[in-house]
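The next block holds one structure in the form of C-alpha cells; read it before the comments.
The values are calculated or read from the model by the stated rules, or taken from the named source; none is laboratory data. Everything numeric in this text was worked out from a predicted model, so none of it was measured. Reconstructed Cβ throughout: ideal geometry from the backbone, glycine too, with neighbour counts over all protein chains shown.
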C-alpha cells in the first residue's frame with residue numbers, strides 16, 4: 001500500500017477503518033488490512049458477529065496489558081477493561097443494543113448510530129491495576145448484502161485530559177459558588193474576572209469590573225503605610241492577609257478580611273493576582289453590640305464596673321502627672337428593697353433609670369457614673385485639688401436626692417448613702433479604693449442613712465480580724481487545714497457529669513468552715529495566694545487521679561488561677577510539677593482565668609498561654625461578661641471555654657436583657673469554636689432555657705452544691721447509675 005494510503009488509515013476515523021475492513025472482507029486485501037490494523041498507532045480491535053476477537057493490535061496490547069495471543073479467538077475482550085463480565089461497545093452494536101449505552105457508559109453520542117457509536121467511560125483496567133478514562137468508538141463492518149460481519153472498536157486514553165477538565169470544572173464551580181468575593185487581575189492590577197459573590201458584596205457587576213483596578217473599592221480609611229506594607233508582603237512572601245475597610249458601589253463602607261496571592265510564571269515573574277474577600281460586617285456588628293452589652297448596664301445604659309475601672313485608671317494616671325486627686329464615690333439607695341416591694345419590679349427598674357439620669361445630670365463630662373449592680377452606683381470624680389474638694393459634690397448629691405422621683409405617676413422619695421475613697425491617699429488601685437469606699441458607705445449607713453462618709457483608718461474593720469486571719473492562714477497550709485470541695489459540671493445534652501470545679505475551703509480549728517469570701521481577699525492582699533494556689537492545683541490533680549484509680553469516669557478538673565499566680569515566671573513549671581507528681585492527664589486539667597489576666601502585658605501573657613497550651617491542658621475564661629469581653633483576645637489566646645457569670649444566669653427567666661446577653665455570648669462562642677458553661681444554675685427552668693440557647697455545660701445548686709471529695713464520688717456514681725438506668729429503660 002502506498003505511504004499516503006497508510007497515513008490515511010492510521011489517522012482515519014473508526015468509520016473509515018471499518019470501511020477498510022469491509023473492503024478487505026469483500027476483496028483480496030484482508031490479510032494486508034489486518035496487518036495494518038495490527039500496527040495502527042490507535043488502540044483497536046475487531047470483533048466478529050459471534051463476539052470473537054479477530055484482531056487485537058499492538059497499541060491495544062500496550063494500552064490494556066493484554067497480549068493478543070490471550071484474547072484473539074475468544075470473547076474475553078471485556079477482561080482488558082473491566083473486573084466483571086460486561087458488554088463492550090462493539091458487543092452492543094453486534095446485538096443492536098445501542099439503547100443500553102446510556103446505562104453502561106458515563107457519556108455517549110448516539111447521533112452516529114447509523115455509522116457506529118461513540119462512548120466514554122472510566123475503566124478499571126484490571127491487568128494494569130489502575131483506572132483509566134477511555135474514549136471509545138465502534139464501527140460496524142457489513143458485506144455487500146448489508147449483513148453484519150464484524151465491529152471495529154478503537155480506544156483512546158484521555159485520562160489526563162479528563163482529570164484536567166474535571167479539575168477546571170471544580171475550580172469554576174468553587175469560583176462561582178463560594179460566598180467569598182474573588183477577583184483575578186493581571187500583573188498590572190487590571191481585573192480579568194470576578195465571581196458572583198464579588199458583585200453581590202461590592203455592587204459591581206462583571207462588566208463594570210473588567211479592566212478596572214481594585215482601587216475602585218478603596219475606602220480612604222487606610223493610609224499609605226498600610227498599602228506599602230501590603231505590597232511589601234506580596235513582594236517578599238507572595239501573599240498578604242489582613243482586615244481592611246472597603247467601599248461598595250453605593251458608597252457604603254464595610255469591613256472585610258482580604259487575602260491577596262501572587263501567581264507567578266516558572267520564571268518567577270508575577271502573572272496574576274488573586275484576591276479573596278470576606279465581608280465581616282455582620283460579625284463586626286454583633287461584636288459591637290455585644291461589646292456594648294457587656295460594657296454597659298443594660299437597664300440604665302451606664303458604664304459597668306470594668307469600664308469604670310478603666311476610666312478610673314486613666315483619671316489616676318492623669319492626676320499623677322498634674323498633681324491632682326481622684327475621688328471614688330460608692331452610692332447605695334436607702335431602703336431600696338422596701339421601696340421596690342411597694343412599687344413593684346417594673347417600678348423599681350423605672351426608679352433605677354431615673355436615679356441614673358439624675359446622677360448624670362450632677363456630673364461633669366470628665367466624670368463617670370456607673371451602675372455596680374442592684375441599687376449601687378459608682379462615680380469617678382476627676383481632677384479635684386484634694387480630698388476636701390469632693391465634699392461639696394457629695395453634699396450636692398444628697399440635696400438633689402431630696403427631690404422626689406415621679407414613678408408611674410406617683411412621687412417616690414429615695415435618699416442615698418455615700419462612701420468616698422480618694423486617690424492616692426486611700427490607695428492607687430481600683431479594687432483597693434472600692435473596698436475602702438465600701439467601708440465608708442457602711443459607716444454612712446450606720447450613721448442613719450442619707451449621709452456621706454469618707455474613709456479613714458478607723459473604719460478598717462479588718463485591722464483586728466484581718467490580722468488574725470492572716471496569722472491563721474500562714475499556719476493553715478502547714479496544719480493541712482485547707483480542703484477542696486468540688487462542684488459538678490453537667491453536659492446539658494447528655495446529662496452526664498463531665499467535669500468538676502475545685503473550690504477551696506478553710507477548716508479553721510476555732511471558727512469552723514470559713515467561707516472563701518472571708519479569707520480569699522486576705523490571701524490575695526497578703527501574698528499567700530501563690531503557695532495556697534499551688535496547693536490547690538496539686539491537690540486537685542491528685543484527687544483527679546484518685547478518682548480515676550477508683551474506677552470513676554474521667555473528668556476534667558477545673559482550677560481557678562489568680563492573676564498573681566499567672567503572672568509569675570514559674571507558672572509553667574508549677575503546672576508541670578503538679579501534673580508530673582500526680583500523674584494527672586494534662587487533657588483533663590482546665591485552668592480558669594479571669595479576663596483581666598489576658599488584658600495586661602499582652603505579649604508576655606500570650607507567651608505564657610502558648611507554653612501552657614503546649615502541655616495539652618485547657619483554658620477557660622471565668623466570669624465571662626463581667627470584664628472587657630474583647631473577642632480579639634479570645635482568638636489570640638486560643639481559649640477553649642467561656643464560663644458565663646452567674647449574675648447573668650440568676651435572672652435569666654425574668655430579665656430580657658440578661659437573656660439577650662447570655663444568648664449572644666453562646667452564639668458568639670459557637671462561631672469561634674468555643675464551649676460555654678453557665679454558672680449559678682438554680683432551677684430546672686433556667687437549665688431548660690440554657691438548653692434552648694444551646695449552652696454546652698452547666699453548674700449550680702440545682703444540680704449540686706460544691707461537695708467534699710467522697711461525697712462528690714458518691715454523687716457521680718449515683719448520677720451515672722441513674723442515667724444508665726434511664727437509657728436501658
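Among the listed residues 689, 694, identify the single one that is in contact with a strand residue (DSSP E or B) (Cβ under 9 Å, 6 or more places away or on another chain), over 30 Å from residue 505 (Cβ atoms) and not assigned by TED's automatic domain parsing to the domain that holds residue 546.
Checking each option against the conditions leaves just 694.
Please verify whether the range 627-636 includes one or more residues that are out of contact with any helix residue (DSSP H, G or I) (no Cβ under 8 Å at 6 or more places or on another chain) and at pLDDT 85 or above.
no
Picking from 163, 132, which residue would you name as being outside the structural domain of residue 87 (by TED's automatic domain parsing), modelled with pLDDT of 85 or more and surrounded by 11 or more Cβ atoms within 10 Å (Cβ to Cβ)?
Every option except 163 fails the conditions.
Is it true that residue 275 is more than 30 Å from residue 659 (Cβ to Cβ), at pLDDT below 90 and not assigned by TED's automatic domain parsing to the domain that holds residue 303?
Taking the combined requirement at face value, the residue does not satisfy it.
Among (1) modelled with pLDDT under 85; (2) within 21 Å of the chain's Cα centre (by Cα), which single condition is residue 564 missing?
Only one criterion in (1) modelled with pLDDT under 85; (2) within 21 Å of the chain's Cα centre (by Cα) is unmet by residue 564, namely (2).
Which one is farthest from the chain's Cα centre (by Cα) among residues in the range 486-495 that are part of a strand (DSSP E or B) and buried (at least 19 other Cβ atoms within 10 Å of the Cβ)?
My answer is 486.
Go through the range 322-336 and give me each residue that's assigned to a helix (DSSP H, G or I) and either free of Cβ contacts under 8 Å to residues at least 12 places away in the same chain or in contact with a strand residue (DSSP E or B) (Cβ under 9 Å, 6 or more places away or on another chain) (or both).
Once the filter is applied, which keeps residues that are assigned to a helix (DSSP H, G or I) and either free of Cβ contacts under 8 Å to residues at least 12 places away in the same chain or in contact with a strand residue (DSSP E or B) (Cβ under 9 Å, 6 or more places away or on another chain) (or both), the range 322-336 yields only 322.
Restricting to the range 384-408, name every residue that is outside any helix (DSSP H, G or I), more than 24 Å from residue 342 (Cα to Cα) and touching a helix residue (DSSP H, G or I) at 6+ places or on another chain (Cβ under 7 Å).
384
Mind counting the residues in the range 37-93 that are over 17 Å from residue 120 (Cβ atoms) and assigned to a loop (DSSP other than H, G, I, E, B)?
Result for the range 37-93: 17.
Test residue 557 against the criterion of being at pLDDT 90 or above and either in contact with a helix residue (DSSP H, G or I) (Cβ under 8 Å, 6 or more places away or on another chain) or within 21 Å of residue 433 (Cβ to Cβ) (or both), and give yes or no.
Considered against the rule, which asks whether it is at pLDDT 90 or above and either in contact with a helix residue (DSSP H, G or I) (Cβ under 8 Å, 6 or more places away or on another chain) or within 21 Å of residue 433 (Cβ to Cβ) (or both), residue 557 comes out as yes.
Check off (1) modelled with pLDDT under 90; (2) more than 23 Å from the chain's Cα centre (by Cα); (3) at positive phi for residue 623 and give me the number that stays unchecked.
Failing condition for residue 623: (2).
Here is a yes/no grid of residues against (1) more than 31 Å from the chain's Cα centre (by Cα); (2) part of a strand (DSSP E or B); (3) under 26 Å from residue 710 (Cβ atoms):
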residue: 519; (1), (2), (3): yes, no, yes
residue: 523; (1), (2), (3): yes, no, yes
residue: 532; (1), (2), (3): yes, no, yes
residue: 537; (1), (2), (3): no, no, yes
residue: 551; (1), (2), (3): yes, no, yes
residue: 579; (1), (2), (3): no, no, yes
residue: 593; (1), (2), (3): no, yes, no
residue: 597; (1), (2), (3): no, no, no
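Just name the residue that is farthest from the chain's Cα centre (by Cα) out of those in the range 414-434 that are in contact (Cβ under 8 Å) with a residue 24 or more places away in the chain and part of a helix (DSSP H, G or I).
Ranking the candidates gives 433 first.
So, of the residues in the range 47-67 that are free of Cβ contacts under 8 Å to residues at least 24 places away in the same chain and over 24 Å from residue 142 (Cβ atoms), which turns out to be surrounded by the fewest Cβ atoms within 10 Å (Cβ to Cβ)?
Top of the filtered list is 62.
Check the range 596-611 and report whether any residue there is in the same structural domain as residue 554 (by TED's automatic domain parsing), at pLDDT 90 or above, closer than 13 Å to residue 572 by Cα and crowded, with 18+ Cβ neighbours inside 10 Å.
No, the conditions are met nowhere in the range 596-611.
Here are some conditions: (1) part of a helix (DSSP H, G or I); (2) over 25 Å from residue 455 (Cβ atoms). Residue 411 meets all but one. Which one does it not meet?
For residue 411, the failing item is (1).
Name the one entry in 573, 543 that is touching a residue at least 60 places away in the same chain (Cβ under 8 Å) and in a helix (DSSP H, G or I).
543
Check whether at least one residue in the range 341-361 is part of a loop (DSSP other than H, G, I, E, B) and either surrounded by fewer than 21 Cβ atoms within 10 Å (Cβ to Cβ) or in contact with a strand residue (DSSP E or B) (Cβ under 9 Å, 6 or more places away or on another chain) (or both), and report yes or no.
There is no residue in the range 341-361 that is part of a loop (DSSP other than H, G, I, E, B) and either surrounded by fewer than 21 Cβ atoms within 10 Å (Cβ to Cβ) or in contact with a strand residue (DSSP E or B) (Cβ under 9 Å, 6 or more places away or on another chain) (or both).
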